[in-house]
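Okay, so here's the structure we're looking at.
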Amino acid sequence: PQPVATPAPVPAPTAPIVAPPPPPPVIDPTLDQAASLAANSQPDQARRVYLALLNQANISRQTIAAAARGLYRLGAFADAVEAFRNLGTFNRGEEDLRYYNAVSLFEIGHYEDAKKELACALPYIEVTSDVARYRDKIQKMGSPQAMK
């Protein structure tokens, strides 16, 4: 009799190997301290904490953004502009930061830069009453009527 060839066994399907998700970005816990100081009517101390954070080596982009946002909320606009500058190029999805930067630039008298940042942010953010108010102020500053 002739031997009958049997097909090789088919291996059982295995689940695909999925890489673990990347760890969440490290946000400095000192941000909570600064926010707490700001909430407890201690803006000068909060500003110092934010500035100390920004002067640390190897600070994450998320921490820079959070410190810049905190400085903006404190009304420390010149410091906020510097912090936003340290972010470098704004990424897609950071239009809220561009808006805060625009307001900060406006508040320190950099009207043309404020208009440019605002123009980039407006199509992507919700136009609340506060946003509309600053939009009108910023856009007015570059107009010929405002220069008179």
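The values are calculated or read from the model by the stated rules, or taken from the named source; none is laboratory data. Only a predicted model underlies this, so the values are computations on that prediction, with no experimental measurement involved. In this analysis, Cβ positions are derived from the backbone assuming ideal geometry, glycine residues included, and neighbour counts consider all displayed protein chains. For the accessible areas, the whole protein counts, side chains as well, though only heavy atoms, and no ligand, DNA or RNA atoms are used. Shrake-Rupley method; radii C 1.70, N 1.55, O 1.52, S 1.80 Å.
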Being more than 23 Å from residue 136 (Cβ to Cβ), out of contact with any strand residue (DSSP E or B) (no Cβ under 7 Å at 6 or more places or on another chain) and surrounded by fewer than 14 Cβ atoms within 10 Å (Cβ to Cβ) narrows it down to one of 44, 79, so name that one. 44
Given the criteria in contact with a Leu (Cβ under 8 Å, 6 or more places away or on another chain) and farther than 20 Å from residue 137 by Cβ, does residue 89 qualify? no
Of these, 97, 122, which one is closer than 21 Å to residue 50 by Cα, of a type in the set (A, V, I, L, M) and outside any loop (DSSP other than H, G, I, E, B)? 97
Note on region 110-119: residues under 15 Å from residue 136 (Cα atoms) and not acidic (Asp, Glu) are 111, 114, 115, 116, 118, 119
In region 1-41, the residues that are open to solvent by less than 100 Å² (accessible area, probe 1.4 Å), modelled with pLDDT under 70 and of a type outside the set (Val, Ile, Thr): 5, 8, 12, 15, 19, 25
All but one of (1) on the phi > 0 side of the Ramachandran plot; (2) modelled with pLDDT under 95; (3) in contact with a helix residue (DSSP H, G or I) (Cβ under 8 Å, 6 or more places away or on another chain) hold for residue 88, so report the exception by its number. (3)
When residue 50 is evaluated against the numbered criteria (1) open to solvent by 20 Å² or more (accessible area, probe 1.4 Å); (2) over 13 Å from the mean Cα position of the chain (by Cα), which criterion, by number, is the only one it fails? (1)
Among the residues of region 135-143, is there at least one that is at pLDDT below 95, in a loop (DSSP other than H, G, I, E, B) and farther than 19 Å from residue 79 by Cβ? yes
